[in-house]
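The values are calculated or read from the model by the stated rules, or taken from the named source; none is laboratory data. Here the structure is a predicted model, which is why all the values come from computation and not from measurement. Methodologically, a virtual Cβ is constructed for each residue, glycine included, from the backbone with ideal geometry; neighbour enumeration extends over all protein chains shown. Heavy atoms of the whole protein, side chains included, go into the accessibility calculation; ligands, DNA and RNA do not. Shrake-Rupley method; radii C 1.70, N 1.55, O 1.52, S 1.80 Å.
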Amino acid sequence: MNEVGGGTGALPRVVRSEVPRAISGSIAAVALAGALYVGFRPTGPVPALGQLLDPAHGVWAAARVAELPREQSLLLEGLSAPVEVRYDDRGVPHIFARTELDAMRALGWIHARDRLFQMELTVRKVAGTLAEVAGPELLPIDRQARERGLAQAAEAKWNALPADSRIRGVVVAYVEGINQWVRDAGAQDLPVEYKLLGASPRIFQSQDVYYMLAEMSQTLAWQSDELERGAIEALIGEEATAVLFPLDAPIQEPIQPVPGRTAPRYATMKFPAPRTPNAGAVAAARRADDTRRRVALGPSLNSAAGAVESFTRGEAMVGSNNWAVAPERSASGHALLSGDPHLSLSLPSIWYEVHIVVPGEMDVYGVSLPMTPTIPIGFNRDVAWTATNTGADVTDFYREVVDDSTSPTKYRLDGEWRALEQRVEVFHGKGGVVLATDTLRRTHRGPLLRTSEGWLSLRWTALEAGDEANAFRNAARATTAEEWYKAMEPYKAPAQNFLVADRAGAIGIRSTGRYPIRPGNGRGDRILDGSTSKVDWLGDWPVAKYPQALRPAQGYLASNNQQPIDPAVRSDYLGWDWPTPWRAMRINEILRADAAMTPEKMRLAHTDPRSALTEHVRSAVRAAVAARGMEATSADREALAFLDEWDGRFDSESKGAVLYNAVLQELTRRTWDEMAPPGETQRMATPNSMMLVRLFDDPTSVWWDDRATTNVREGRDQILLASLHGAWEGARSRSGNDPRAWRWGNERMASVKHLLQLPGFGRESLKVQSGPGTLSPNDGRGTHGASWRFVVELGDSVEAWGTYPGGQSGNPVSSRYADRMELWRTGALAPLRLPRGAADLSGAQLRSALTLRPIDGGAR
């Protein structure tokens, strides 16, 4: 039976149409104009309706430039020779150039044509200048962006590049390509978002590429967990916090394989009682929580790189996956690699698919981030690579002693006063109006942040030296896994679990990034005393110490954001409160059981509908009903029978999944009531489901007791029975009294929203195969998920399949705007074309031919 709801069976070896064009350009323009005025809540002044409906320059123009011309020849300044670009039948540009710089100049131009507004939005988000185009409502986002200092750090990285470095030339050529498109574009060519905001595109700077790379760290490596830990400790005590939010996961299925192990390792746990907080403790918890909200959360924006891997205190509401299989465990005898990064979903997509060929120098295919000339995930003719987020602790906060609590100019270090670095930041709105002026401060560690608990300084690897762009550039030329990892050694942030496979049959994984060495116990899970330099970082882990494996004896590798190394093997501090292992357990179960993997099986695993968590919960509920038989009502027994009939699959037609999810939610609510201040129901934090499963082993733990009841102390089985009862009644109330009519697909959907949240320009209420703890999890809102899925087979020739939710174009009227959505929704993949030359794409495979010519004729 096909495990993918609506899937298409075997991976195709010939191309097929993904989704036909739905509406004509003129009808789409009418819909566009209507949606802008009927549904959009503007973030600033909206231009007059007449301007938007101007047939030459308004939204009608979006339809006129929505589709690629069949043939086009243009002049591009700075080229040394003509560049041929062939768009295939999926809208992927294949760039054929004689030099790398020509290829990058063409890539910049192509990115700008399809994704200009997305690129500008990302740059402005990091730079803290959104209010200049979108109005004062976005001033809080701008202020936080500048306070964190990412733009300043990005500029420092750019300025540190040697003037004659190759990567500097690559970046300059790429940005010049962007700017030529901007300069040549008429009003009718500009994305509709500019018309909506009454704005014009900026001229881009080379440092903007590093702004985009900085945004990768903001979305993947920003952590402020120690601030949340302070609130939790104030509420339940240090001892209970240390167990419920531990340094090491109590269920181990690590990224770095443990030789000889064929099953997860379960650690024995004892759960100390929470303290009963008094008024002072609750007040302290609230202050700590205010600090967390002020520093950690702040305002949000669904930006182009809004790739947040949503972890809520260790529970992976979404999460990335990758795995590789060595030749001895594949049906074809070739290495296989699968990538499945889960990030925030948006239209246009985070990614832009591209193929770049420079004879004798590079032939690389993959997904790029618009605003960078790099391929973070992809493959060449010899090597394939992908990544998941490591989630390592790479930020620290220090409580500083300052000379003035309101406007400090100095901070105390080792008994002496040091001057704070200060700079004045002016924030502008539309038309250059001044909205605010802030004085920002820095210690030797990093930005100084004002909170309700005093001044905290921040040290973060993203704000320090790194060479990510050059690392990606060099890695794309690798011919073996070893070469690829060597090229990536300068890469620092955000730390990623990079998985690699090559045509020689090697597979490898390395958690690559900068991991600080801290003094003392080496931990970074608490706010540190900033008055002494004894707490400052001592250096970084050497590459040899990174979690890693190459050519493992087990013949496969997988990462799913889990703790990289089993602490029983090596206990060095890398982070704490790790995400749950359910996805890692499930993919390892699949890979251990099958020594003849195929690309099709890899594809099916992307949306595998089973979770390793399910039977833990269902077995506990079943045992509780049996143990408390006299208390179980006929309704409880009916509910259990319904739950037992369920096959454990989270497919869209499932009925039992509705009840199971309700049980899990009820059980979480009833078990962790101590995580809310007395008299309240809103929890400050929630231990992840791994803790719940381990708590099943302690039937009389005080954590099972319901604080709302008096003169009785509940145990595990009472809470499990009450959760089943409440879930059954709640599900019937929400989903209908007849359980046979329930459908899991009505409970879990995907919502891919437009960057500006424009109604009608997203694709919402998409039924997808997803469930808690599955390889395709969903937090209920459906705004995060698989941002790109692909499978590569590295045989005598490389074959690959992939797709992402959305399309190549950022124009809502274009047939390329969301043409991949249905393929993505069903878990299917399209074949990726790998022509060696421009002439290799023709006929039905060719959608558009673009020639970019040098202004002076260039080389012949």
Practice problem: Would you point out which residue out of 581, 567 is open to solvent by less than 10 Å² (accessible area, probe 1.4 Å) and modelled with pLDDT of 95 or more? | Solution: 581
Practice problem: From 489, 589, grab the single residue that is acidic (Asp, Glu), over 30 Å from residue 456 (Cβ atoms) and assigned to a helix (DSSP H, G or I). | Solution: 589
Quiz prompt | Contacts under 6 angstrom Cβ, first residue in region 411-429 being under 22 Å from residue 141 (Cβ atoms), partner surrounded by 14 or more Cβ atoms within 10 Å (Cβ to Cβ) and of a type in the set (Gly, Ala, Ser), 6 or more apart | solution = 427/436; 429/131
Self-check item: Given (1) in a loop (DSSP other than H, G, I, E, B); (2) modelled with pLDDT under 95, number of the condition residue 814 does not satisfy
Solution: (2)
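I want to confirm something. Restricting to region 54-83 and keeping residues that are within 22 Å of residue 351 (Cα to Cα) and either of a type in the set (A, V, I, L, M, F, W, C) or part of a strand (DSSP E or B) (or both), which single residue is modelled with the lowest pLDDT?
Step one: of region 54-83, the residues within 22 Å of residue 351 (Cα to Cα) are 62, 65-68.
Now drop any that are not either of a type in the set (A, V, I, L, M, F, W, C) or part of a strand (DSSP E or B) (or both), which leaves 62, 65-66, 68.
Working: 62: 79, 65: 89, 66: 90, 68: 95.
Ranking the qualifying residues of region 54-83, first place goes to 62.
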Quiz item: So is residue 148 charged (D, E, K, R), surrounded by fewer than 24 Cβ atoms within 10 Å (Cβ to Cβ) and over 15 Å from residue 352 (Cα atoms) or not?
Solution: no
Exercise. Would you be able to say whether some residue in region 566-578 is β-branched (Val, Ile, Thr), closer than 30 Å to residue 540 by Cβ and in contact with a strand residue (DSSP E or B) (Cβ under 8 Å, 6 or more places away or on another chain)?
Key: no
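Has region 230-244 got at least one residue that is touching a His at 6+ places or on another chain (Cβ under 9 Å), assigned by TED's automatic domain parsing to the domain that holds residue 117 and surrounded by 17 or more Cβ atoms within 10 Å (Cβ to Cβ)? Spell out the reasoning first.
Initially, region 230-244 is screened for residues touching a His at 6+ places or on another chain (Cβ under 9 Å), giving none.
The answer is no; no qualifying residue exists.
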Self-check item: Tally, over region 149-174, of residues that are more than 25 Å from the chain's Cα centre (by Cα), within 30 Å of residue 457 (Cα to Cα) and part of a loop (DSSP other than H, G, I, E, B)
Solution: 2
Self-check item: Members of region 108-133 that are open to solvent by 10 Å² or more (accessible area, probe 1.4 Å), more than 23 Å from residue 817 (Cα to Cα) and of a type in the set (A, V, I, L, M, F, W, C)
Solution: 127, 133
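Within region 491-500, is even one residue farther than 29 Å from residue 289 by Cβ, free of Cβ contacts under 8 Å to residues at least 60 places away in the same chain, out of contact with any His (no Cβ under 7 Å at 6 or more places or on another chain) and assigned by TED's automatic domain parsing to the domain that holds residue 356? Even if it seems obvious, please write down each step before you answer.
Of the residues in region 491-500, the ones farther than 29 Å from residue 289 by Cβ are 491-492, 496-500.
Filter once more, keeping what is free of Cβ contacts under 8 Å to residues at least 60 places away in the same chain: 491-492.
Narrowing the set further to residues that are out of contact with any His (no Cβ under 7 Å at 6 or more places or on another chain) leaves 491-492.
Subset that is assigned by TED's automatic domain parsing to the domain that holds residue 356: 491-492.
Within region 491-500, one or more residues are farther than 29 Å from residue 289 by Cβ, free of Cβ contacts under 8 Å to residues at least 60 places away in the same chain, out of contact with any His (no Cβ under 7 Å at 6 or more places or on another chain) and assigned by TED's automatic domain parsing to the domain that holds residue 356.
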Quiz item: Here are some residues: 536, 572, 502. Which one is under 26 Å from residue 400 (Cα atoms) and either of a type in the set (Asp, Glu) or surrounded by fewer than 20 Cβ atoms within 10 Å (Cβ to Cβ) (or both)?
Solution: 536
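Do any helices (runs of 4 or more DSSP H) entirely within region 175-288 hold 1 or more residues that are within 30 Å of residue 716 (Cα to Cα) and of a type outside the set (Gly, Ala, Ser), and if so, which? Spell out the reasoning first.
Details: elements: 192-197, 208-220, 225-236, 238-244.
Here the list reads 225-236, 238-244.
Name the single residue that is nearest to residue 586 (Cα to Cα) among those in region 553-562 being assigned to a loop (DSSP other than H, G, I, E, B) and open to solvent by less than 20 Å² (accessible area, probe 1.4 Å). Steps first, answer last, please.
Our first condition is that a residue be assigned to a loop (DSSP other than H, G, I, E, B); within region 553-562, this holds for 553-555, 560-562.
Checking which are open to solvent by less than 20 Å² (accessible area, probe 1.4 Å) leaves us with 555, 560-562.
Details: 555: 17, 560: 10, 561: 13, 562: 12 Å.
Of everything passing the filter in region 553-562, 560 is nearest to residue 586 (Cα to Cα).
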Quiz prompt | All positions within region 167-194 that are open to solvent by 30 Å² or more (accessible area, probe 1.4 Å) and under 18 Å from residue 102 (Cα atoms) | solution = 168, 172, 176
Exercise. Take region 352-367 and flag every residue that is outside any strand (DSSP E or B) and either touching a Lys or Arg at 6+ places or on another chain (Cβ under 6 Å) or surrounded by 23 or more Cβ atoms within 10 Å (Cβ to Cβ) (or both).
Key: none
Quiz item: If residue 696 passes every condition in (1) open to solvent by 10 Å² or more (accessible area, probe 1.4 Å); (2) under 23 Å from residue 748 (Cα atoms); (3) in contact (Cβ under 8 Å) with a residue 12 or more places away in the chain but one, which one does it miss?
Solution: (2)
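Just checking: which of the strands (runs of 3 or more DSSP E) contained wholly in region 368-408 hold 3 or more residues that are open to solvent by less than 10 Å² (accessible area, probe 1.4 Å) and at positive phi? Steps first, please.
Details: elements: 377-379, 383-389, 395-399.
The strands (runs of 3 or more DSSP E) meeting that bar number zero.
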Exercise. Please work out which one of (1) under 26 Å from residue 238 (Cβ atoms); (2) crowded, with 19+ Cβ neighbours inside 10 Å is the condition residue 680 fails and give its number.
Key: (2)
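Any residue at all in region 458-466 that's of a type in the set (A, V, I, L, M, F, W, C), in contact (Cβ under 8 Å) with a residue 24 or more places away in the chain and assigned to a helix (DSSP H, G or I)? Quick ask: steps written out before the conclusion?
Here is the first cut: in region 458-466, the ones of a type in the set (A, V, I, L, M, F, W, C) are 458, 460, 462-463, 465.
With in contact (Cβ under 8 Å) with a residue 24 or more places away in the chain added as a condition, the list becomes 458, 460, 462-463, 465.
Pick out the ones that are also assigned to a helix (DSSP H, G or I) and you get 462-463.
Scanning region 458-466, I find at least one residue that is of a type in the set (A, V, I, L, M, F, W, C), in contact (Cβ under 8 Å) with a residue 24 or more places away in the chain and assigned to a helix (DSSP H, G or I), so the answer is yes.
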Quiz prompt | Pair list, Cβ under 9 Å, 6 or more apart: region 823-852 residue closer than 15 Å to residue 95 by Cβ and among the acidic types (Asp, Glu), other residue open to solvent by less than 10 Å² (accessible area, probe 1.4 Å) and outside any loop (DSSP other than H, G, I, E, B) | solution = 840/94
Quiz item: Has region 469-483 got any residue that is farther than 30 Å from residue 802 by Cα and buried (at least 18 other Cβ atoms within 10 Å of the Cβ)?
Solution: no
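Determine, yes or no, whether residue 819 is in a loop (DSSP other than H, G, I, E, B), of a type in the set (Asp, Glu), open to solvent by 10 Å² or more (accessible area, probe 1.4 Å) and touching a residue at least 40 places away in the same chain (Cβ under 8 Å). Walk me through how you get there before you give the answer.
Numbers: in a loop (DSSP other than H, G, I, E, B): yes; of a type in the set (Asp, Glu): yes; open to solvent by 10 Å² or more (accessible area, probe 1.4 Å): yes; touching a residue at least 40 places away in the same chain (Cβ under 8 Å): yes.
Against the criterion (in a loop (DSSP other than H, G, I, E, B), of a type in the set (Asp, Glu), open to solvent by 10 Å² or more (accessible area, probe 1.4 Å) and touching a residue at least 40 places away in the same chain (Cβ under 8 Å)), residue 819 qualifies.
Residue check: is residue 445 over 16 Å from residue 218 (Cα atoms), crowded, with 23+ Cβ neighbours inside 10 Å and of a type in the set (D, E, K, R)? Spell out the reasoning first.
On the way: over 16 Å from residue 218 (Cα atoms): yes; crowded, with 23+ Cβ neighbours inside 10 Å: yes; of a type in the set (D, E, K, R): yes.
It is true that residue 445 is over 16 Å from residue 218 (Cα atoms), crowded, with 23+ Cβ neighbours inside 10 Å and of a type in the set (D, E, K, R).
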